[in-house]
1. Tell me, please, whether a residue that is within 13 Å of the chain's Cα centre (by Cα) and more than 18 Å from L119 (Cβ to Cβ) can be found in segment 95-107.
2. Given the criterion modelled with pLDDT under 90 and in contact with a helix residue (DSSP H, G or I) (Cβ under 7 Å, 6 or more places away or on another chain), identify the matching residue among L47, L86.
3. Looking at R63, R73, can you tell me which residue is modelled with pLDDT of 85 or more and basic (K, R)?
4. Of these, G78, G36, G57, which one is of a type outside the set (V, I, T), at negative phi and modelled with pLDDT of 90 or more?
5. What do you reckon, is F183 of a type in the set (F, W, Y), assigned to a loop (DSSP other than H, G, I, E, B) and at pLDDT below 90?
6. Would you point out the residue of segment 61-108, among those that are in contact (Cβ under 8 Å) with a residue 40 or more places away in the chain and either part of a loop (DSSP other than H, G, I, E, B) or touching a Pro at 6+ places or on another chain (Cβ under 8 Å) (or both), that is surrounded by the most Cβ atoms within 10 Å (Cβ to Cβ)?
7. Which residues, counting only those in segment 1-35, are polar (S, T, N, Q), closer than 15 Å to P152 by Cα and either exposed (fewer than 12 other Cβ atoms within 10 Å of the Cβ) or free of Cβ contacts under 8 Å to residues at least 60 places away in the same chain (or both)?
8. Return the pair list, or none, for Cβ contacts closer than 7 Å from residues in segment 136-162 that are within 13 Å of K22 (Cα to Cα) to residues that are acidic (D, E), at least 6 apart or on different chains.
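The values are calculated or read from the model by the stated rules, or taken from the named source; none is laboratory data. Everything numeric in this text was worked out from a predicted model, so none of it was measured. Cβ sites come from the backbone with ideal geometry, for glycine too, and all protein chains shown count toward neighbours.
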Amino acid sequence: MKFVLLVIFLVVIVVLIVTYNKLVSLRQTVKAAWSGIETELTRRYDLIPNLVETVKGYAKHERETLDAVIAARNSAQGNLNSPEQLAKAEGQLNGAMRGLLALAESYPDLKANSNFLQLQGELSGTESRLATARQEYNNRVRELNTAVSSFPAALVAGPLGFKSEPYFEVENPQARQNVRVQF
């Protein structure tokens, strides 16, 4: 009888250890995926002031649009640690970027500027990588959230400090689409 209890106890301990290790691994993959988003957003945030400066040279009287882009960029950049707040700020930034790129359409000389074209190309590449990073992050969050709420992990997740993570979903429906960069 003692042997059976010992075996049951050991099996429970092994299941707990395996479950804990799986949850730790999943949490780390979520953090790594978030790091991918941060990398692409930082690259994007670094491109925006250069793009604004280039547009400013051609559209001096469009100060309101340019200021809106910079304000939205600063707001988004300040929220990199929270997916929920960042999603809201990204919605505003995407809207402001659409306005900036629409403004650029009104200036043929600007559209032909090599610096502007290069920045547009870099922004387009960054937007594509960012979309991929968002998808990767949301996939990893789904895996973690499924594990945290599934048996037997659900029994140990809460007491061990594991919780569901939020998805990174941009709040503005138009902002769910990448900023379209046209050449």
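1. Residues of segment 95-107 that are within 13 Å of the chain's Cα centre (by Cα), as a first pass: none.
No; the residues of segment 95-107 include none that is within 13 Å of the chain's Cα centre (by Cα) and more than 18 Å from L119 (Cβ to Cβ).
2. Numbers: L47 fails: modelled with pLDDT under 90.
After ruling out the rest, the residue left standing is L86.
3. Result: R73 is the single residue among R63, R73 that is modelled with pLDDT of 85 or more and basic (K, R).
4. G36
5. The answer is yes for F183.
6. Checked segment 61-108; the qualifying residue surrounded by the most Cβ atoms within 10 Å (Cβ to Cβ) is P83.
7. Answer for segment 1-35, where residues must be polar (S, T, N, Q), closer than 15 Å to P152 by Cα and either exposed (fewer than 12 other Cβ atoms within 10 Å of the Cβ) or free of Cβ contacts under 8 Å to residues at least 60 places away in the same chain (or both): just N21.
8. L144/E165; N145/E165
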